[in-house]
1. Excluding residues fewer than 8 places away in the same chain, name every one of the aspartates and glutamates whose C-alpha is closer than 20 Å to that of B:Lys32.
2. Which one, A:Ile88, A:Val75, B:Cys393, is farthest towards the positive end of the dipole of the protein assembly as shown when Lys and Arg carry +1 and Asp and Glu -1 on their Cβ?
3. For the residues B:His176, B:His121, A:His190, what sequence is obtained by ranking on other C-beta atoms within 10 Å, fewest first?
4. Sequence gap at least 6, Cα distance under 8 Å: using those rules, report the relative contact order of segment B:64-198 to the nearest whole percent.
5. Magnitude of the Cβ-charge dipole of chain B, K/R +1 and D/E -1, about the Cα centre, nearest 20 debye?
6. Want the number for B:Val88 to B:Ala206: 0.36 nm per residue separation, take away the alpha-carbon distance, what's left?
7. Please report, to two decimal places, log10 I(q)/I(0) for segment B:279-318 at q = 0.16, 0.20 Å⁻¹ as given by the Debye formula with identical point scatterers on the Cα atoms and no solvent.
8. With every atom except the alpha carbons ignored, what do you get for Rg and Dmax of segment A:84-207, in angstroms?
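Just so it is clear, none of the values below were taken in a lab; they were calculated from the coordinates. Values in this document were obtained by computation on a predicted structure and should not be read as measured data. Don't worry about glycine lacking a Cβ; one is built from the backbone with ideal geometry, like all the others, and counts go over all protein chains shown.
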Amino acid sequence: MKAREEILQRVQSANIAATHQPVRRDYAHTVELADPVATFVERVEDYKATVIRTGLDGVAAAVAKSLEGARRVVVPAGFNESWLPEGIDPVPDEPALSSEDLDGIDAVLTSATVAIAVTGTIVLDHTEGQGRRALTLVPDLHVCVLTADQIVGDVPEAVARLSASVDAGRPLTWVSGPSATVDIELIRVHGVHGPRTLRVVLVESTA
Amino acid sequence: MTSGRPLNTLETLKTLKTQTFLGIPPFPIAAKKALADSQLRGNMHHATHTIRTKRARVTSELPDWEELRVAGADIKDDVMANLDGYLVQLEESLVKAGATVHWARDAAEANQIVIDIARRHKVGEVVKVKSMATGEIELNVAMEEAGISVWETDLAELIVQLGHDLPSHILVPAIHRNRAEVREIFLREMGKVGMPAAADLSDEPAELAGAARRHLREKFLRAKVAVSGANFMVADTGTLVVVESEGNGRMCLTLPEVLISVVGIEKIVPTWADLEVFLQLLPRSATGERMNPYTSTWTGVTQGDGPQEVHVVLLDNNRTTVLADEVGRQALRCIRCSACLNVCPVYERVGGHAYGSIYPGPIGAILTPMLKGVGTSAQIDSLPFASSLCGVCYEVCPVRINIPQVLVHLREKVVDSHRGGVPGTLMTTMKGASWLLGGGWRLGLLQKAAGLSSRVLWKQGVIGRMPRPMSRWTDARDCPAPPRESFRRWWARTDGGLKNAGSASNTPRKGTGQK
């Protein structure tokens, strides 16, 4: 443990006043949006992802439309069965699919934990209905079903809501649109390694 | 070598010679060469202006942007002031979450830790997430020497690696390359180390990205060990955060069995809630997006999800020396967004390589000398002078690092480190000036001489090229010609303007300033 002691010793001898100066936190902790759902939809679409808004009775149909063209669809345990369209034969992840198996899957269907209106972000904490992290990574199409009450204003509200998941040791994946790069001449290209297509189904009880 | 099969280590070593910044000349010499490369200047101009415009747009969207900057700086200052306590707390949280914590005093120690873990798992290759810390310690070179191939998986890092090139930007390291160059590199090099690019590959960015996707997928799927850095480490929960765009980060953090993260000790934030500040500051400052496509957080080992063996290497490598510098320590707030690069008039024109470091641009001009030590080489000592001190870097910095202040501080240190011995031109000139300006009569004499000389020079209004050693100044600048009459003489002649206010025909000066 020699390196540890030496580094800590060097930090202590850096002659810095070890006082907790109060951190000025005058930024907005919540944001008032006229229509958070509309903002969320606009921002997600900005990333070239698609959103279908639906009432409770239209979820299965919206999911079916979003999955169009995908033959093999993995659906994690705990996903709300009433949202599954008829005629779909989901591939289970039990026992866990190998990375190679996942590479042969066309799409993944999940729910989410929180969504952020201002940034158009969806956050998965990989509990029931969301699957382990690899499921939403390797297949090329990710269909995510969100409920309107999961949408918060901005980042601080999402961080607060996710605190319990982090305390429980859960990993998180924040998704803002499909995988993208600007590494060649700063031209935005979608889908380098993560899913090239992201489709969101947004469930509103009043729609 | 055209097969897509994995190669044995020796064959790989033949083709993968990671370049280092060793041997890059001092900044003025390197800059001169870069300035002559019009392709490079074109690429850099386009890149820096595009990102800077996007950044300005998304930061102006947030009415509380300035308050977020203040909070970001304050949080990081608190971390620096109590770093020992936070490090111990982080270690406890990580161990509790099932991670193994290593401490590394310097680059060699960190590299050895990573090599030892890879060897214990008997792997000949690792996949890697783009990380500044591992670039700083030249991990790839050390791994290659140990017979372990390192596959860079970020698209830009892949372009740099396959092109036997050096990164030139913190965020988009291959920004000095255009699409035609990338296509050529992919066609020539991919087949040597794995899945080759299709022979009919075009230079469309989408198609080039597709080639990278296919080339890297087989490496992701078979990788047993991954190496990453981290953008943040949360002390109270033991959570690590990686902010990225492509999904290569997620591949590395999720698919392999073993994950090794090498992270600078300054990357700590005290609590999970503090991320509400940095996850707003970083994406908007870096790529100019409201949020980057993917952010991953993980807390040690999660059963049944992702790597079941998780290592964190806490890296000092002279960060504690920077911490001990009262003015310079603010550089440790840096979250590696590269906003300062994109707005810098110097960086925009010379590109990243001239800085001779993994950290280019304004932040590199202060970080590199502090991490490597002022006075250790002419190249390092040239960096604090690679700036016009215009201050735009400070204005855009999301954690309010006063880069111009640190630059001036380091210039002082560079000068101090060269005291004693034979004085150079600058020293001699300054000594002479100090003598001349040190007494009233000497100044008067100087002004008289200057007034006389101006009779020769004033027609142009400027002093043009002068002989060496003054040419080092006049080659790049115009100097206004001195007035025919000095202020002191005018005062004496007119009694402070009370009598005979007629001028001694001081010609208005034109054409001053930089060429």
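1. List returned: B:Asp165, B:Glu348, B:Asp381, B:Asp475, B:Asp478.
2. Final value for the positive-end residue is B:Cys393.
3. Final ranking by Cβ density, sparse to dense: B:His121, A:His190, B:His176.
4. Value for segment B:64-198: 13 percent.
5. It comes to approximately 3120 debye.
6. Working it through step by step, the gained length comes to 37.9 nm.
7. -0.69, -0.80
8. Cα radius of gyration and Dmax of segment A:84-207 are 15.3, 45 Å respectively.
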